[in-house]
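Throughout, read-outs are computed from the coordinates displayed, never taken from laboratory work. This is a predicted model, so every value here is computed, not measured. When we count neighbours, we look across all protein chains shown, and the Cβ atoms used for this are built from the backbone with ideal geometry, even at glycine.
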Amino acid sequence: MTAAPEGAPVPKRRFGWVWKAVLALSLALNLCVVGGFVYFKYMVPRGPAQVVGRELNLGNDQRAAFRTFLQTFRAKAQEMREGIAPLENELTDEMAKPEPDRAKMATLIAQISDKRRDFMIAVNTALLPFLATLNPEQRRRFVEFARRRQEMIANRMMGRIQP
């Protein structure tokens, strides 16, 4: 390899600054991606229960009462689903028959309704101790959240039913 003669101009790197800019931009984008991942993984509440807890700014005792309510709610909801599923299957099987037995269908519908009513009573009973821990403003916001959630679920169901 031959060296440039003394006094001859050294060739300049033309695009050295471009590589530095590309590397800096890449680093900035990678930091944004990692930051977004950390934020959504650890900072953003996951489901409706976490959103309610954050929006209401619950204290320790209130959080414990809310956890107890959620545990009861989830257990009773699972129990209801397990109890209703065979009845609903039996009902749809009956409807599929060429000559469905209306009395049997009415009995199955009544049994399904009874299980849903029992679920609602159990959830309401579990909800009251939690509501007793809330101040009037928190209670108002909780009821508002519950109404919005019911409307959202109803609207989602209506979207599925439309032809």
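Using only alpha carbon pairs under 8 Å that are at least six residues apart, calculate the relative contact order of region 48-161 and give it in whole percent.
It rounds to 39 percent for region 48-161.
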Estimated inter-spin distance, ALA96 and LEU27, nm [label 7 Å along Cα→Cβ]
6.4 nm
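Starting from the Cα-Cα distance between SER113 and VAL34, subtract it from 0.36 nm times their residue separation and give me the gain in nm to one decimal.
Computed gain between SER113 and VAL34 is 23.5 nm.
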Would you mind ranking LYS104, LYS20 by Cβ crowding within 10 Å, fewest neighbours first?
LYS20, LYS104
Please give the contour-minus-distance gain from MET120 to MET157: 0.36 nm per residue of separation, less the Cα-Cα distance, rounded to one decimal in nm.
11.4 nm
Note down the nm distance, to one decimal, between modelled labels 7 Å out along Cα→Cβ at GLU144 and at ARG67.
2.8 nm
So, with points 7 Å from each Cα along the Cβ direction, the ARG74-GLU55 label distance in nm works out to 2.0 nm
How large is ³J(HN,Hα), in whole Hz, for each residue of region 109-115 in order, when computed from phi with the Karplus curve 6.51 cos²θ - 1.76 cosθ + 1.60 and θ = phi - 60°, using x for Gly and Pro?
4, 5, 5, 4, 4, 4, 5
